[in-house]
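A.B. asks: I have a structure here, written as structure tokens, and I will follow up with some questions on it.
The values are calculated or read from the model by the stated rules, or taken from the named source; none is laboratory data. Since the structure is predicted, the reported quantities are computational estimates derived from the model, not experimental observations. Because the Cβ atoms are built from the backbone with ideal geometry, glycine has one as well, and the counts that use them run over all protein chains shown.
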Amino acid sequence: MKITVMKNILNANQNKADEVRGVLAAKRVLMVNLIGSPGSGKTTLLEKTIAHCAGRFAIAVIEGDVATDRDARRLQPHNVPIVLINTDGACHLESISIQQALDTFDLDTIDIVFVENVGNLVCPAEFDIGEFGKVAVCSVTEGDDKPEKYPLLFREAKALVLNKIDLCEYTDFDMDAFTQSVTMLNGTIPQMHISCRREKGLDTWFAWLEETAGRVCRNP
Amino acid sequence: MGSACHGTRTTFCRAAGLVPKRPARPVAKGLQTVHEFSIVESILDTLGELAGKNRLARITSVTLTIGRLRQVVPETLRFAFEAASKDTVAHGARLELEFVDIRARCTTCGAKFRVENNYYICGTCNGTSVELTSGDELIIQSVEGEEA
């Protein structure tokens, strides 16, 4: 017996993601999904961002890691609501976990939820978690060929943050080749070149965030 | 491992049970760390539902449509499917994979083109704003099985 199915394999995750998106839209909460390799600087970027947003936007964080609470504990001193999800080996976060994490927040008091996804350029890009947009976080020390090697993330992301630009002179990173490869994949994505450690270029990231939050949030 | 941190607003979710429990399917050690495993789990859930609704004793083949933008390694997918389908209605099923090219449409001039070598710029007007028309599919196209 042959049955025509024509069903999205990730239907269950997608349905939950659509529910999450609906709730966030109704509450006028911006959710940003930070995706990048381990060590690209996602947590450091969050530290800088939370500090900058103090008094401007109410922030909450969903922190995803295979194991440990190290990143969550780094963010604790900033005194924002944080939920840590240890995935016990899974390489990405899925929408069901995000929905349950969001249920622990009072979304009426939050403007922006940052999801720091599991460190991985591959799998997190495959799974919609109901976010407004993915932000690709990569770093100079990973090499300039990552967009070509991991096209799905760079194609889907609404913004790209290239971190550790202060280390360019110590590597073979070709900035022109990198920006050109990103433009070929996604000609409209804003590319922001920063150094979290040296606090260079962060103003471009903050400007993108504020402009986006201004459009999405309840009380920008 | 995991505990609620009293006096702070940090919640450790293993204690709160926020990590969804995965079905106890037999899989090779470490296989759950690849996303093909999540994909296979979703496929097997659907196959189980289809078998129940259509009174199938076993599934003999599954045809998937996979867009080339998806980061699915065929060998890993097959390995995950074989490992995870043991003791299920899909044990021994043949997995047919049909791949779909990445195609796009320029939103500036409307030109349609096939994307090659990650080049998403319109060849007609050099526009950089394009939308995908195919290539990101991850679909169960059809299933064959033996009726009970």
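A.B. asks: Among B:T76, B:T88, B:T65, which is the only one that is farther than 23 Å from A:T87 by Cβ and not in a loop (DSSP other than H, G, I, E, B)? Give the steps one after another, and end with the answer.
C.D. replies: Values: B:T76 fails: farther than 23 Å from A:T87 by Cβ; B:T88 fails: not in a loop (DSSP other than H, G, I, E, B).
The conditions single out B:T65.
A.B. asks: Next question. Please go through region A:92-113 and give me each residue that is part of a helix (DSSP H, G or I), surrounded by 21 or more Cβ atoms within 10 Å (Cβ to Cβ) and more than 7 Å from chain B (Cβ to nearest Cβ), ordered by number.
C.D. replies: If the condition is that a residue be part of a helix (DSSP H, G or I), surrounded by 21 or more Cβ atoms within 10 Å (Cβ to Cβ) and more than 7 Å from chain B (Cβ to nearest Cβ), then A:S95, A:I98, A:L102 are the ones that fit.
A.B. asks: Filter region B:122-148 down to residues that are more than 21 Å from the chain's Cα centre (by Cα), more than 8 Å from every other protein chain (Cβ to nearest Cβ) and crowded, with 16+ Cβ neighbours inside 10 Å, then give me how many there are.
C.D. replies: 1
A.B. asks: Test each condition in (1) surrounded by fewer than 19 Cβ atoms within 10 Å (Cβ to Cβ); (2) more than 9 Å from chain A (Cβ to nearest Cβ) for B:G67 and report the one that comes out false.
C.D. replies: B:G67 satisfies every listed condition except (1).
A.B. asks: Can we say A:T183 is over 20 Å from A:W205 (Cα atoms), touching a Ser or Thr at 6+ places or on another chain (Cβ under 9 Å) and surrounded by fewer than 22 Cβ atoms within 10 Å (Cβ to Cβ)?
C.D. replies: On the way: over 20 Å from A:W205 (Cα atoms): no; touching a Ser or Thr at 6+ places or on another chain (Cβ under 9 Å): yes; surrounded by fewer than 22 Cβ atoms within 10 Å (Cβ to Cβ): yes.
No.
A.B. asks: Quick one: which strands (runs of 3 or more DSSP E) lie wholly within region A:1-91 and hold at least 3 residues that are at pLDDT 95 or above and not β-branched (V, I, T)?
C.D. replies: Working: elements: A:2-8, A:30-36, A:59-65, A:82-86.
Where strands (runs of 3 or more DSSP E) fall fully within region A:1-91 and carry at least 3 residues being at pLDDT 95 or above and not β-branched (V, I, T), they are A:30-36.
A.B. asks: A further question on this structure: Could you grab the pairs with beta carbons closer than 7 Å, sequence gap of 6+ or different chains, first residue in region B:63-74 and within 10 Å of A:L152 (Cβ to Cβ), second one polar (S, T, N, Q)?
C.D. replies: Every condition considered, the pairs that remain are B:G67/B:S134.
A.B. asks: Kindly provide the set of residues from region A:114-158 that are within 11 Å of chain B (Cβ to nearest Cβ), hydrophobic (A, V, I, L, M, F, W, C) and in contact (Cβ under 8 Å) with a residue 40 or more places away in the chain, ordered by number.
C.D. replies: A:V118, A:L121, A:A125, A:F127, A:L153
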